[in-house]
1. Expressed as a whole percent, how much of the Cα-Cα distance distribution for segment 171-222 exceeds 17 Å?
2. Under a 5 Å amide H to amide H cut-off, with H placed in plane at 1.01 Å, what residues pair with residue 129 once short-range neighbours are removed?
3. Could you work out the relative contact order of segment 74-187? I mean the mean sequence separation of Cα pairs under 8 Å and 6+ apart, divided by the number of residues, in percent.
4. Given H placed 1.01 Å from N in the peptide plane, which residues other than close sequence neighbours of residue 78 have an amide H under 5 Å from its amide H?
5. Classify segment 87-222: rounded, prolate or oblate, from the alpha-carbon gyration tensor (a ≥ b ≥ c, eigenvalue square roots; a/c under 1.5 rounded; otherwise prolate if a/b is larger than b/c)?
6. Does segment 59-106 come out rounded, prolate or oblate, given a ≥ b ≥ c as the square roots of the eigenvalues of its C-alpha gyration tensor, rounded meaning a/c under 1.5 and, failing that, prolate meaning a/b above b/c?
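Each value in this text was obtained by applying a stated rule to the coordinates, not by laboratory testing. What you are looking at is a predicted structure, and each value in this text was computed from that prediction instead of being measured.
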Amino acid sequence: MTSTFDSSAATSGLSRRRLVLALALTAVAACSPGQPEAAPQAAGPGDRDSGRRETAVFAGGCFWSVEAHFERLPGVVSAVSGFTGGRTRNPTYYQVVRGGTGHVEAVEVTFDPARVSYRQLVDGFWRTIDPTDPDGQFCDRGAPYATAVFVTAAQRPAAEASQRAARATLPGRPFVTPVRDAARFWPAEAEHQNFARRNPVRYGGYSRFCGRDARLREVWGR
């Protein structure tokens with residue numbers, strides 16, 4: 001997943017596979033109509049903003065897709081794409097996708113706990129990823145695209161209970177997405193924020209090329 005498809009991808013040290021993928025995405029996105037992602041839903045009667053705020057962090061492969069999922073949910077105030085779990089301070093996108101920083105692409109979700117619970121967010125998250133894949137997600141391969149739920153001490157019991165429930169629905173299959181201790185979250189560059197809503201054609205092409213929906217149907221039967 002890259003925001004610009006030109007020779008800079010090669011010079012930045014990305015793998016040949018990622019360069020080929022980037023070129024393919026350009027062709028797909030250029031001729032695909034795409035579908036705009038819905039904007040965050042406004043509170044309606046009986047769904048008022050309480051003013052309370054909590055945060056949760058999820059790594060689900062491409063942060064464009066994770067962000068787009070959470071932005072649609074009632075009770076979610078914001079979803080910010082970024083990086084977490086690694087060693088490098090204030091990493092750039094190209095540093096992370098080249099590898100070696102220890103970071104994964106992730107999304108920090110700010111939500112109103114009076115409108116949506118943390119457990120509800122985690123329960124829904126599993127159905128947006130392939131938790132049986134140890135090597136990335138869909139067409140995004142490698143350590144930066146590993147999945148995880150990053151938790152505080154207070155969040156861990158709910159996250160682990162949700163993980164057990166999700167694992168029970170996939171008997172006989174490996175379930176590799178861990179619940180990890182929270183680490184500092186670093187926001188990604190501005191060009192990656194709200195990408196699906198700002199670039200519906202390019203995101204639509206990317207999403208279809210990656211086979212995301214087809215794989216989710218295989219895993220979850222939906």
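1. Result for the distance tail: 64 percent.
2. Here the answer is none, since no amide H 5 or more places off falls under 5 Å of that of residue 129.
3. Relative contact order for segment 74-187 comes out at 31 percent.
4. 110
5. In terms of gyration-tensor shape, rounded.
6. Note, shape of segment 59-106 comes out prolate.
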